[in-house]
Amino acid sequence: MNLPDQNELPSPVIERHRLYVLQESCLLDTPPDAALDRITQLAARLFKAPIALISLIDEQRQWFKARVGVEVAQTERKDAFCAHTILRHDVLVVPDATLDPRFKQNRLVLGEPNIRFYAGSPLRTRSGVPLGSLCVIDTKPRPEFDESQRDLLSQLAEMAMDRIEALRSIAFVDPPTRLLNRARFSDDVRAIFDERPIGQIAPSHAVLVNVVPLGYLDQTSISIGIVATDRLMAAISRRVEQALVDIKPVYRVDYARFAVFVYGDESAAMRVIDAVLRAFDAPLLVNQIPVDLSPTFGLVDLSRIDEPTDVLRALMSSSEIARRARVPFRKFAKRMFAAQERTFFILNTLPQALQDENQLSLAYQPRVDLRTGACVGVEALLRWSHPLLGEVSPAEFIPLAEKTSLMSALTDWVMDHALKQLATWERAGIILGISINVSVLNLEQRGFVPRYISLLRTHGIEPKRVELEVTESALTANAKLVTENLRKVADMGSIVAIDDFGTGYNNLSKLQLYSATVLKIDQSLVRRVLDNQYTRTLVEGVIALAQKLDYRVVAEGVETQEIYEAVAGWQCDEAQGYYIARPLAAPVFEAWYSTFSRNIIDSSVPRDSLDRDKLVT
């Protein structure tokens, strides 16, 4: 009886790797394969065995990729004879299971299928990882199973493994480019990490080549067609391969992203980056159209990565940061993960915040009429007090929400609560206008205007009391639905304001398309009007021209008395900023408004005589 050597028992690390390779092979729970079925049938006939199996050993089960003589597709691993076979490098033979201490109490011996004889040969990958076995089983003991029979069973197992490797290769190859794919990259990363304790020579770095973002290729498909885009992608792959001719293998891990491993120090990785950059100095020709591409790179020191599953994530993170920063490459740092995890956490907890009365709130920043000094309205500004993160800036979470379907729900929440507060103030005799920020993503929805009308009716607010703000930079594309929705808003009597004016690329004449009647000059310009002559001339000119075109002009970022007096002197209509008041919670605003209103001096008094100290909180 050939008992396995106890030294062959796998360590937890080796077993994790084995299971990973098995999962990545994409063989489990797949339809029958004709070639493996024939090998199993041949084994049953050659050995005159009622049962023959190609068995794959998963974490808790053995699953039969091919079978003869049994109806079930799997059994528990603890009962599997094949779970012992994978611990060996030779054939495991059990002449009589009832006499073998390992199996005599096995339920497959005591019950169906009443195993007495078992012979199994392990199925190992080319790198030596055991996935399962080819075995033959009889319900009667067989005292003899000679060397020639063992050799024959081993040969059949090799045939089965050749077919399995072919199936695995199909799963590991990217068909269009014939490069290894992401699954193979992940498999090889796992192998590299498993070999670390053994002291095997391993790559030091990994480099990701991010040739173009997916959005660029989508736009290319629209511009020159899908066939031409496929040709571009093929040309990109060839050029990357040519640049890295001395480095094998090259993996295609995403649509236009390629990865390689590098041996040596960081300078070797930098040579890879330089080689690819030089390769893309010349444009690619697609349909006789020159296409200039500027790849960005992610560089990862593998010794600084703890888990193999983090390697590709680190590569993509660093290359994406390089792309956004418009630099050739970024070296991975763990803080990149922290930023991504925070982003993920924010997006995943925002839906809960929308349902929690204690997290989201509105602050209201006053706007004053520069001719009368009266507070004529407020801007509703969203605030988020996160139970774990504390105060999360809207400058952080709103851009994230704009990339998801959450933006619509967030805007609806703001409009609902702002209009509710406006109605409360009106009942208390505080008659003001309110300004609400909306995203172009909201205005691209056909249901936006009906929802807005419904909220106005719910809270009994006249449309003229509400101003909807949209940023100038977001309107650079003249989307038909956006302009239609803004026109409908204006037609019903609400005000359309262009926020952050002066930071985008629109001219005043084009703003007619958006039905705007209010321009809010961006605070980054207003704050510098006294420090920079060019900015002063620009702001003064915008105010004068806008008023000639019948726009009402609001100066944002008025933070000092000098700036207040300057924009007032240029005949700006309204001002908003810390000099007047910071954004205030509703109860605080009410107290501020009461004090402010009492201190308003009759508009007939010269502006220079106003006691501004009494108007500032």
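The values are calculated or read from the model by the stated rules, or taken from the named source; none is laboratory data. Remember, it's a predicted structure, so these values are computed and weren't measured experimentally. Backbone-built Cβ (ideal geometry, glycine too); neighbour counts: all protein chains shown.
Anything in segment 571-595 that is outside any helix (DSSP H, G or I), surrounded by fewer than 20 Cβ atoms within 10 Å (Cβ to Cβ) and polar (S, T, N, Q)? List them, or say none.
The one that is outside any helix (DSSP H, G or I), surrounded by fewer than 20 Cβ atoms within 10 Å (Cβ to Cβ) and polar (S, T, N, Q): Gln571.
Counting only residues that are under 27 Å from Arg126 (Cβ atoms) and either aromatic (Phe, Trp, Tyr) or at pLDDT 85 or above (or both), give me the helices (runs of 4 or more DSSP H) lying completely in segment 143-257 with at least 3 of them.
147-172, 182-195, 226-243
Could you tell me which numbered condition Arg451 fails, if it satisfies all but one of (1) basic (Lys, Arg); (2) surrounded by 15 or more Cβ atoms within 10 Å (Cβ to Cβ); (3) under 28 Å from Arg598 (Cα atoms)?
(3)
Yes or no: segment 36-50 includes at least one residue that is surrounded by fewer than 19 Cβ atoms within 10 Å (Cβ to Cβ) and under 31 Å from the mean Cα position of the chain (by Cα).
no
Examine segment 378-391 for a residue that is crowded, with 16+ Cβ neighbours inside 10 Å and charged (D, E, K, R), and state whether such a residue exists.
Yes, because at least one residue in segment 378-391 is crowded, with 16+ Cβ neighbours inside 10 Å and charged (D, E, K, R).
Report yes if some residue within segment 328-336 is touching a helix residue (DSSP H, G or I) at 6+ places or on another chain (Cβ under 9 Å), more than 29 Å from Val311 (Cα to Cα) and of a type in the set (Lys, Arg); otherwise report no.
no
Which ones in segment 427-472 are in contact with a Gly (Cβ under 8 Å, 6 or more places away or on another chain) and not aliphatic (A, V, I, L, M)?
Once the filter is applied, which keeps residues that are in contact with a Gly (Cβ under 8 Å, 6 or more places away or on another chain) and not aliphatic (A, V, I, L, M), segment 427-472 yields Gly433, Ser435, Glu462, Pro463, Lys464, Arg465, Glu467, Thr471, Glu472.
Evaluate segment 106-113: report whether one residue or more is more than 14 Å from Arg61 (Cβ to Cβ), touching a residue at least 12 places away in the same chain (Cβ under 8 Å) and surrounded by 18 or more Cβ atoms within 10 Å (Cβ to Cβ).
Checking segment 106-113: at least one residue is more than 14 Å from Arg61 (Cβ to Cβ), touching a residue at least 12 places away in the same chain (Cβ under 8 Å) and surrounded by 18 or more Cβ atoms within 10 Å (Cβ to Cβ).
One line per residue, one yes/no per condition, for (1) in a loop (DSSP other than H, G, I, E, B); (2) at pLDDT 95 or above; (3) outside the structural domain of Val21 (by TED's automatic domain parsing); (4) not charged (D, E, K, R):
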| position | (1), (2), (3), (4) |
| --- | --- |
| Arg88 | yes, no, no, no |
| Val93 | no, yes, no, yes |
| Ala119 | no, yes, no, yes |
| Leu123 | no, yes, no, yes |
| Gly128 | yes, no, no, yes |
| Val136 | no, yes, no, yes |
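Given the structure, is Arg126 touching a helix residue (DSSP H, G or I) at 6+ places or on another chain (Cβ under 8 Å), surrounded by fewer than 16 Cβ atoms within 10 Å (Cβ to Cβ) and more than 20 Å from Leu22 (Cβ to Cβ)?
no
Which residues, taken from segment 376-390, are among the hydrophobic types (A, V, I, L, M, F, W, C) and either modelled with pLDDT of 95 or more or closer than 19 Å to Lys420 by Cα (or both)?
Selection gives Val376, Val378, Ala380, Leu381, Leu382, Trp384.
Just need a number here: residues in segment 237-255 that are of a type outside the set (Phe, Trp, Tyr), closer than 12 Å to Pro176 by Cα and free of Cβ contacts under 8 Å to residues at least 60 places away in the same chain.
1
Quick one: would you say Ser267 is surrounded by 20 or more Cβ atoms within 10 Å (Cβ to Cβ) and free of Cβ contacts under 8 Å to residues at least 24 places away in the same chain?
Considered against the rule, which asks whether it is surrounded by 20 or more Cβ atoms within 10 Å (Cβ to Cβ) and free of Cβ contacts under 8 Å to residues at least 24 places away in the same chain, Ser267 comes out as no.
Return the total of residues in segment 413-438 being surrounded by 18 or more Cβ atoms within 10 Å (Cβ to Cβ) and among the acidic types (Asp, Glu).
Within segment 413-438, residues that are surrounded by 18 or more Cβ atoms within 10 Å (Cβ to Cβ) and among the acidic types (Asp, Glu) number 0.
Among residues belonging to segment 280-293 that are part of a strand (DSSP E or B) and out of contact with any strand residue (DSSP E or B) (no Cβ under 9 Å at 6 or more places or on another chain), point out the one that is surrounded by the fewest Cβ atoms within 10 Å (Cβ to Cβ).
Ile289
Given the residues Leu277, Leu299, which is the only one that is within 27 Å of the chain's Cα centre (by Cα), closer than 24 Å to Ser204 by Cα and in a strand (DSSP E or B)?
Testing whether each residue is within 27 Å of the chain's Cα centre (by Cα), closer than 24 Å to Ser204 by Cα and in a strand (DSSP E or B) leaves just Leu299.
Report, by residue number, each residue of segment 19-51 that is within 20 Å of Gly111 (Cβ to Cβ) and outside any loop (DSSP other than H, G, I, E, B).
The answer is Ile51, and nothing else.
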